[in-house]
């Protein structure tokens, strides 16, 4: 309890905006490293892979926020929007690095790869699922849609997270441990969030009814 209270007190003092500033540094750093020869013989692949991997890491971080609050009382909710938007930013840049730097804006070939290559198909599905999440991650959308509709829409977080992990797993092809761990972590966190949410909304009184 003491540790939880200490963390929550520290969180109240630290605003969310530095997340955007720190997050913006990664693509700038990658661009600088790529143009100065610091990313090896294939800088485009290094940029793509780094952005995609950090996007996946942030997906895992975002999925941890609700379980930490419900199970341990650690309240990091104020950072969830910033982490979610930064996640979308990285995944979008991951896609743009592929379509612009790798494919050279050859849209016909890119569309063919999206259709023919399952790992790209799954990755695109995950990116498209994230678009409405990013567009509605603001107070105006919550008011316009209403809390219930907004929450239902943001259930897209789950398929977006799982497809991102599957995209990474199929991309590496050799079945190393790292992408398997990401997929397992995302599935476990998704299941845990669902269980904890149901427990939080379940009436404690067995004689409770909605009409009372």
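Any read-out appearing in this document is the output of simple, stated calculations on the displayed coordinates, not a laboratory observation. If you're wondering where the values come from, they're calculated on a predicted model, not measured in any experiment. All Cβ positions, glycine included, derive from the backbone under ideal geometry; neighbour counts span all protein chains shown.
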Using a ≥ b ≥ c from the Cα gyration tensor of region 1-117 (square roots of the eigenvalues), is it rounded, prolate or oblate, where a/c under 1.5 gives rounded and otherwise the larger of a/b and b/c decides, a/b for prolate?
prolate
Which one, 56, 106, 196, has the greatest fluctuation when you compute a Gaussian network model over the chain with C-alpha springs under 10 angstrom?
106
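When the helix-only estimate is applied to the chain (DSSP H runs of n ≥ 4, each -39,500 (n - 2.57), divided by the residue count), what is the mean residue ellipticity at 222 nm, nearest 500 deg cm²/dmol? Don't skip to the answer; put the middle values down first.
On the way: 10 runs with 156 residues, N = 212.
One gets -24500 deg cm²/dmol as the mean residue ellipticity at 222 nm.
By how many nm would the segment from residue 35 to residue 109 lengthen if fully extended, with 0.36 nm per residue of separation less the alpha-carbon distance?
Numbers: separation 74, 0.36 × 74 = 26.64 nm, distance 2.59 nm.
Extending this stretch completely gives an extra 24.0 nm.
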If contacts are Cα pairs under 8 angstrom and at least 6 residues apart, what is the relative contact order of region 2-200 in percent?
22
Calculate how steeply helix 107-116 sits against the longest principal axis of the alpha-carbon atoms of the chain, using the helix alpha-carbon long axis, and give the answer as 0 to 90 degrees to the nearest 10.
60
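How much FRET efficiency would the formula 1/(1 + (r/R0)^6) give for residue 194 and residue 3, where r is the Cβ-Cβ distance and R0 is 30 Å, rounded to 0.05? Please report the intermediate quantities before stating the final value.
Numbers: r = 26 Å, r/R0 = 0.88.
Plugging the Cβ-Cβ distance into 1/(1 + (r/R0)^6) gives 0.70.
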Tilt, helix 2-13 to longest principal axis of the chain (alpha-carbon atoms), in degrees rounded to tens, equals 60
Could you state the angle between the C-alpha long axis of helix 80-96 and the longest principal axis of the C-alpha atoms of the chain, as a value from 0 to 90 degrees rounded to the nearest 10?
20
Among [x] -0.34, -0.97; [y] -0.25, -0.84; [z] -0.31, -0.87, only one was calculated for this model; which label is it, if the read-out is log10 I(q)/I(0) by the Debye sum over Cα atoms at q = 0.08, 0.14 Å⁻¹?
[x]
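Give the peptides 110-119, 127-136 in descending order of average Cβ contacts within 10 Å, highest first. Don't skip to the end; give the middle numbers.
Numbers: 110-119: 13.7, 127-136: 16.2.
The packing order, highest mean first, is 127-136, 110-119.
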